[in-house]
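Derivation of every value follows stated rules applied to the coordinates shown; laboratory data play no part. Source: prediction; values computed, not measured. Reconstructed Cβ throughout: ideal geometry from the backbone, glycine too, with neighbour counts over all protein chains shown.
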Amino acid sequence: MSVRWRVSFGGRDVVVEGPDDAMVTVTVPAVDVTADGFDPTEAYMRGSLKAEGNTGVLFRVLADGTALSELTRLASRP
């Protein structure tokens, strides 16, 4: 199970982590991730978190908390 994480800070300023051939690619704006009460599942349902690829893998990382921890980590870059 592999995921490519993409957090966009605007324009071409994007933090990307994960393999090029990941089973799913998750993309979300950093402003959404850093907002109080960010919930990646809600963001996906509202359309601000985009995913391309295997939705089964996406649902697993949403359910087990991996998405929240990884996206929060990437959005809090120094």
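Before moving on, here are some points about what is shown:
- √(5λ) per eigenvalue of the Cα gyration tensor, the chain, largest first, Å: 17, 15, 11
- HN-Hα J in Hz across segment 46-61 - Karplus 6.51, -1.76, 1.60, θ = phi - 60°, x for Gly and Pro: 7, x, 7, 9, 9, 9, 10, x, 6, 6, x, 5, 4, 4, 5, 6
- Among beta bridges that DSSP assigns inside the chain, antiparallel share in %, nearest 5: 55
- In the chain, the DSSP-assigned H stretches of four residues or longer account for a calculated mean residue ellipticity at 222 nm of -10000 deg cm²/dmol, using -39500 (n - 2.57) per stretch and the full residue count as denominator.
- Asp20 versus Asp36: modelled label distance in nm, points set 7 Å from Cα along the beta carbon direction: 4.3
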